[in-house]
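The structure appears right after this line, and notes come after that.
The values are calculated or read from the model by the stated rules, or taken from the named source; none is laboratory data. Here the structure is a predicted model, which is why all the values come from computation and not from measurement. No Cβ is skipped: glycine too gets one built from the backbone with ideal geometry, and neighbour counts run over all protein chains shown. Areas reflect the complete protein model, heavy atoms only, side chains present, ligands, DNA and RNA absent. Shrake-Rupley method; radii C 1.70, N 1.55, O 1.52, S 1.80 Å.
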Amino acid sequence: MLTPEITKRLRSTAVEILSVNDKGNYTVPTEGLYPFQWNWDSCLTAIGMSNVNEERGWTEIETLFDHQWPNGMVPHIIFHEKNAGYFPGPEVWATQRPTPTSGITQPAVAGFALQKLYQRSERPDAVKTRATALVQAIDRWHQWFYQYRDPDDQALVAVLHPWETGRDNSVDWDSAFERVPTDGVGSYQRRDLDHADASMRPTGEQYDRYIWLVQHFRSLGWSNQSLHDNSPFRIVDPGFNAILIRSCEALAEVAESLGEDAIAQRNHDFSARGRLALGSLWSDAHEQYVCYDRANASLVDSASIGGLLPVFALDDGAQVKKLARRIDSLCDRVKYNVPSHDPDDARFDSKRYWRGPIWLIVNYMLVDGLRRHGHNELVQRLVSSSLGLISENGMAEYFDPVTGGACGGKNFTWTAAMVLEFLRDDVAS
Ligand code: DGY
């Protein structure tokens, strides 16, 4: 249970971190390791920011969408400033954008973030024009997803690079990654290891494959017509799709209230069809959703947190109940929650990025979905664990579920943002 003093300290540290990482109209995830603007970091950060500075929350998302590509894609990194401390920088991506950006995307959480900001706004009339502009931009991004990442109209989109999921080195990608070659990658210098412990980061072999994919897409001129069919890595991830489906639903609701009826209808359809299609990713063996390897036409044998994220999107209470049971069982097997991979799997690694560690943004989305379905005890368990972890170990990038130890970058923007969210309705105190 948090005392009022601890709550006060957590709040002021979180606000301080948001301010230290604030570049004026966008935030960096953390100084050093991630010195630019990242797509889903910014959207989740905007939600947290709305607790302290509503206006600044809006600009965070607007700045991201200022760099949307003409085809609707919203890139995963915006290289606002030069910084040699990150690899791969703009010269590797070579996307020819006025302000350099990467050429791949990230989880589409903007629709969900926009809805939070809009619902919370103290001046809904004043933000109407801004909200409408964002509704239209986010809708274009959603259309891009279903046009280019779901060419056979299956209502589920594929990711073409692990970086698109944000869960860079999840066990989910291991088998498909064996198909990604590394020849011709050439030598390069990783910069992430200047800022974070190598035992907590993806391996050198994984990096070679990340870079091979970037070089391959660059050689295809970043043409969305060719990327999907020509990528050896083409995965339908339940977590990525769940976030998109929930954002489509959220966008439809905001669009409706702004009189944007065509956008509302389109996004209602995307979310309804997506929810139905998620059923094809269910695994009885794992009692959760799993990835589908579209390039190899097979389900992936990996029980990661991505397969639990559908709680964020589902409206079927019976399915959510099954996932709640599964989340509870993961929680029973580690000290801190929620691990990003099943601890009983030999591939679990409690410190290595997305192969076991806890991420507060994931906890937040799980909590949101569980709360919608009335799983209040489990909500309380997750909020309490998240805040306990932070109060003992600081606002790090991620955490070891076995020891609670801080991992990766320090003073992390989206972790701080999520703390402000969890403190809003601190069910732990
Ligand atoms: C990195 O560089 O670690 C990122 O996750 C890529 O977006």
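A few remarks follow.
- Here, region 159-202 is characterised by an Rg to Rh ratio of 0.98, where Rg is the alpha-carbon radius of gyration and Rh the Kirkwood radius.
- Computed over region 253-303, the range of Cα coordinates on each principal axis works out to 44, 24, 13 Å, biggest value leading.
- If R0 equals 41 Å, the separation of the Cβ atoms of Asp261 and Gln96 corresponds to a calculated FRET efficiency of about 0.70.
- Charge dipole (Cα centre; +1 on Lys/Arg Cβ, -1 on Asp/Glu Cβ; no other charges) of region 95-153 amounts to roughly 360 debye.
- For a straight C-alpha distance cut-off of 17 angstrom, the aspartates and glutamates reachable from Lys321 (same-chain residues fewer than eight places away being disregarded) are Asp284, Glu287, Asp332, Asp368, Glu377.
- List Asp345, Asp125, ordered by accessible area with a 1.4 Å probe, largest first: Asp125, Asp345
- Kirkwood Rh, angstrom, region 312-377 [1 / mean 1/r, Cα pairs]: 12.4 Å
- Largest-first principal axis extents of the Cα set of region 42-172 (Å): 42, 41, 31
- In this rough spin-label picture, where each label sits 7 Å from Cα along the Cβ direction, the Ala84-Leu193 distance is 1.9 nm.
- Global form of region 103-158, assessed from the alpha-carbon gyration tensor, a/c cut-off 1.5: prolate
- Distance distribution P(r), region 352-429, all Cα-Cα pairs, bin width 5 angstrom from 0: 3, 17, 29, 25, 17, 7, 1 percent.
- Extension gain for Thr203 to Lys8 (0.36 nm times residue separation, less C-alpha to C-alpha distance): 66.3 nm.
- Counted residue by residue at 0.36 nm each, then reduced by the alpha carbon distance between them, the extension gain from Ala272 to Glu54 reaches 75.4 nm.
- Cα coordinate range in the chain, projected on the principal axes (Å, largest first): 57, 51, 46
- Relative contact order for the chain: 19 percent, from Cα pairs under 8 Å spaced at least 6 residues apart, divided by residue count.
- Taking Cα centre as origin and charging only the Cβ of basic (Lys, Arg, +1) and acidic (Asp, Glu, -1) residues, the dipole magnitude of region 66-216 rounds to 640 debye.
- Each of Ala406, Ala252, Ile6 was scored by the projection of its Cα onto the charge dipole of the chain, and the greatest displacement toward the positive side belongs to Ile6; charges sit on the C-beta of Lys, Arg, Asp and Glu.
- Dipole magnitude for region 175-234: computed about the Cα centre from +1 point charges on Lys and Arg Cβ and -1 point charges on Asp and Glu Cβ, it is near 160 debye.
- The share of alpha-carbon pairs in region 1-88 lying farther apart than 23 Å comes to 29%.
- Largest mean-square fluctuation among Trp173, Trp141, Trp163, in a Gaussian network model of the chain whose springs join Cα atoms under 10 Å apart, belongs to Trp163.
- Cross-link pairs Lys82/Lys335; Lys322/Lys410; Lys322/Lys351; Lys116/Lys410; Lys23/Lys322 - those with Cα-Cα distance over 31 Å: Lys82/Lys335; Lys322/Lys410; Lys23/Lys322
- Pairwise Cα distances in region 49-105 exceed 20 Å in 33 percent of cases.
- Extension reserve of the Glu392-Gln119 stretch, reckoned as 0.36 nm per residue once the Cα distance is removed: 95.0 nm
- Equivalent ellipsoid semi-axes - Cα gyration tensor, region 195-319, angstrom: 30, 21, 16
- For region 1-51, the Kirkwood hydrodynamic radius comes to 11.9 Å, computed from all pairs of different C-alpha atoms.
- Residues in region 237-267 that a label on Ala285 would reach, taking backbone N under 19 Å of a point 7 Å out along Cα→Cβ: 237-239
- Overall form of region 286-429 per C-alpha gyration tensor (a/c, 1.5; a/b vs b/c): oblate
- For the peptides 332-338, 310-316, 150-156, the ranking by packing is 310-316, 332-338, 150-156, with the highest mean count of neighbouring Cβ atoms within 10 Å listed first.
- Chymotrypsin sites (Phe, Trp or Tyr not before Pro) within region 178-214, DSSP loop, no more than 13 other Cβ atoms inside 10 Å: Tyr188
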